[in-house]
Amino acid sequence: MKRAIALLAPAALVLALALAAAAQPSPPATWAPAEQKTEKKAEKAHPLIDLNTASRQQLMQQPGITHEIAGKILAARPFKRRTELLTRGIVTRAQYEKLMSHVTVVPARKPAPAK
């Protein structure tokens with residue numbers, strides 16, 4: 001009898017915890033779309049720019065880009081990948097983390113061969 005109680009007690013505890021968790025209210029359905037709207041506003045505030053074609057002013061509108069860093073970016077062109085900002089020592093890791101979702105590098109097109 002004691003053995004049966006010892007086996008049933010943990011099962012009863014697990015069942016009670018599962019029921020308590022199920023009784024918890026779920027977050028409101030409007031929570032997720034509101035967060036998505038905030039993300040869209042952030043994207044509009046800092047549009048994706050190309051490191052190879054952006055002006056100094058466009059670069060300085062991006063988070064963490066100062067006049068000095070914009071100058072370094074302009075002097076280091078052309079870029080093949082945005083990670084070159086790190087490998088060339090233009091920005092720190094922390095600056096790159098803020099900036100990476102706002103910049104891109106469009107590969108330069110090779111001219112068509114003459115016929």
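The values are calculated or read from the model by the stated rules, or taken from the named source; none is laboratory data. These figures come from a predicted structure and were not determined experimentally. Positions of Cβ are generated from backbone atoms using ideal geometry, with glycine treated the same way; all protein chains shown enter the neighbour counts. Ligands, DNA and RNA are stripped out before the accessible areas are found, and what is left, the full protein with its side chains, is counted by its heavy atoms. Shrake-Rupley method; radii C 1.70, N 1.55, O 1.52, S 1.80 Å.
Which pairs turn up if I take residues in segment 56-72 that are in contact (Cβ under 8 Å) with a residue 40 or more places away in the chain and look for partners that are in a helix (DSSP H, G or I) and of a type outside the set (Phe, Trp, Tyr) with beta carbon separation below 7 Å, at least 6 apart in sequence or on another chain?
Qualifying pairs under 7 Å: Gln62/Leu99.
Just give me the residues in segment 95-106 being part of a loop (DSSP other than H, G, I, E, B) and open to solvent by less than 40 Å² (accessible area, probe 1.4 Å), in sequence order.
His102, Val105
Restricting to segment 80-94, give me the number of residues that are open to solvent by 20 Å² or more (accessible area, probe 1.4 Å) and under 19 Å from Pro47 (Cβ atoms).
Within segment 80-94, residues that are open to solvent by 20 Å² or more (accessible area, probe 1.4 Å) and under 19 Å from Pro47 (Cβ atoms) number 1.
Among the numbered criteria (1) open to solvent by less than 60 Å² (accessible area, probe 1.4 Å); (2) farther than 13 Å from Val103 by Cβ; (3) at pLDDT 65 or above, which one does Lys72 miss?
Of (1) open to solvent by less than 60 Å² (accessible area, probe 1.4 Å); (2) farther than 13 Å from Val103 by Cβ; (3) at pLDDT 65 or above, only one is false for Lys72: (1).
Against the definition (open to solvent by 60 Å² or more (accessible area, probe 1.4 Å), touching a helix residue (DSSP H, G or I) at 6+ places or on another chain (Cβ under 8 Å) and without any contact (Cβ under 8 Å) to a residue 60 or more places away in the chain), how does Arg77 come out, yes or no?
no
Could we say that Ile65 is open to solvent by less than 60 Å² (accessible area, probe 1.4 Å) and part of a loop (DSSP other than H, G, I, E, B) here?
Taking the combined requirement at face value, the residue satisfies it.
Looking only at residues that are over 14 Å from Thr104 (Cβ atoms) and assigned to a loop (DSSP other than H, G, I, E, B) in segment 44-62, which one is most open to solvent (accessible area, probe 1.4 Å)?
Gln61
Within segment 97-106, count every residue that is free of Cβ contacts under 8 Å to residues at least 40 places away in the same chain and under 16 Å from Leu74 (Cα atoms).
Qualifying residue count for the region: 1.
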